[in-house]
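Heads up, the thing below is written out as structure tokens.
The values are calculated or read from the model by the stated rules, or taken from the named source; none is laboratory data. Everything numeric here is computed off the predicted structure, so don't read it as measured data. We place every Cβ from the backbone using ideal geometry, glycine too, and count neighbours over all the protein chains shown. Protein only, heavy atoms only, side chains kept; ligands, DNA and RNA dropped before computing areas. Shrake-Rupley method; radii C 1.70, N 1.55, O 1.52, S 1.80 Å.
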Amino acid sequence: MHFHRPHFLHTFPPRKLWVDYLPMLLTACFIIYFAVAREQSFIKTLPTLITLVVQLLLVRVNRYAFLLGGTNALIYGISYFSEGLYFSLISAVLISAPIQYFSFFHWSKKQNKTARVLRRLSVPRLLLALFATVAGWLGCHFALSPFFASASYPLLDSFLFATGITVSLLAAFCFVESQYLNIIASTISLALWILLTIHDPKNFNYIIISVYNLLRIIEASVHWTKSYLAQTRAAEQKGENAGNAALTEQENA
């Protein structure tokens, strides 16, 4: 006996159905269930649901991830304010949102061709980016923490502030390393929300979305790396073909 997929499922390739849409649907169901069960406010639930779509678009290297993500960062700002995550609030509203809007327009240049060519950082530039991130983290923590006496977990929050800036800038200019650094940031974010949920169980949804984010970002890092390698091979092949054509032309002359 052969199992036949329902006709409407043929619209979606198996990978998209099982790897993309089904996990997103299940996560959305969990988020909505716990939001209702724990009486979480709508404004704190909404950005977690939007994030599901943003991460899926990001995995596919789709510029609309930045347009939707920038708007979602503004909504997240409300949640960060209510939880006393003031570094994350500043990062989301004043840095992440503007950079993501810029990224959308930058990636939209020349009909999404040259602006979306993925790149790799050289070792010196990578080390410089890491140094700037650590320096920014420690600088923000020790310089600004005294002004936010009621801040929750300022050491972790300021780390996410600094790495968020670096990740956003690297992603805006199509550097693959943005996703590698984002894995570290997402892991710290998950740890932060676990700590916050211990004190306020209503934040459990943020643990769910943090786990989802981490898995999607790992997937995105793999996809971005494969896309970069494919683009590199295509460019090399194009250059080789052009060289062969020029050589043939010279021989014929």
Among Ala172, Ser108, Pro201 - extreme Cα towards positive end, dipole of region 94-213, charges at beta-carbon: Ser108
Separation of alpha-carbon centers, region 37-67 and region 73-93, rounded to whole Å: 15 Å
Cα-based shape type of region 144-215, given that a ≥ b ≥ c are square roots of the gyration tensor eigenvalues and the cut on a/c is 1.5: oblate
Sequence-distant residues sharing a close amide H with Arg119 (under 5 Å, placed H): Phe175, Val176
Calculated FRET efficiency for the pair Glu236/Leu155, C-beta based, R₀ 51 Å, to 0.05: 0.70
Accessible-area value, Glu236, 1.4 Å probe, nucleic acids and ligands omitted, Å²: 120 Å²
